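Structure first, then comments.
The values are calculated or read from the model by the stated rules, or taken from the named source; none is laboratory data. Note that this is a predicted model, so its numbers are computed, not measured. Counting neighbours? That spans all protein chains shown, and the Cβs are built from the backbone with ideal geometry, glycine included. SASA here: full protein model, heavy atoms, side chains in, ligands and nucleic acids out. Shrake-Rupley method; radii C 1.70, N 1.55, O 1.52, S 1.80 Å.
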Amino acid sequence: MTAGGSNRLLTPEEVAEWLKVSDITVRNKYRQWGLKAQKVGRLLRFRERDIVAYLDDNYG
C-alpha cells in the first residue's frame, strides 16, 4: 500500500475485516466515525485512503 492509501474502493466487509469489527457495525457506524462513503448504485463503498486517514487521525 502506498503512503496515505489509494483510491481503491473497499466493500463494507473489507473495511470490517481491516478494523476487526462486523460488517453490520461498519454499515451502522460509518457516519458516526466520520468515514466518507461512496454510493455505487445501491452499494456502499469506502476509499482506502479515507480508512487510512481515519486510522491515522484516531489511532496513529
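Structural remarks
- Residues located in segment 1-57, provided they are among the polar types (S, T, N, Q) and assigned to a loop (DSSP other than H, G, I, E, B): Thr2, Ser6, Asn7, Thr11, Ser22
- Residues of segment 33-45 classified as of a type outside the set (Phe, Trp, Tyr), within 11 Å of the chain's Cα centre (by Cα) and either open to solvent by 50 Å² or more (accessible area, probe 1.4 Å) or farther than 20 Å from Asp57 by Cα (or both), total: 5
- Among residues of segment 10-21 that are farther than 14 Å from Ala53 by Cβ and touching a residue at least 24 places away in the same chain (Cβ under 8 Å), those with a Cβ under 6 angstrom from a residue that is of a type in the set (A, V, I, L, M) and outside any helix (DSSP H, G or I), sequence gap 6+ or separate chain, pair up as Pro12/Leu44.
- Residues located in segment 9-32, provided they are at pLDDT 95 or above, surrounded by 12 or more Cβ atoms within 10 Å (Cβ to Cβ) and within 17 Å of Asn58 (Cβ to Cβ): Val15, Ala16, Val21, Thr25, Val26, Lys29, Tyr30
- Close pairs (9 angstrom Cβ cut-off, 6 or more residues apart or separate chains): within 14 Å of Glu14 (Cα to Cα) in segment 26-42, part of a loop (DSSP other than H, G, I, E, B) and open to solvent by less than 100 Å² (accessible area, probe 1.4 Å) anywhere: Val26/Leu35; Tyr30/Ala37
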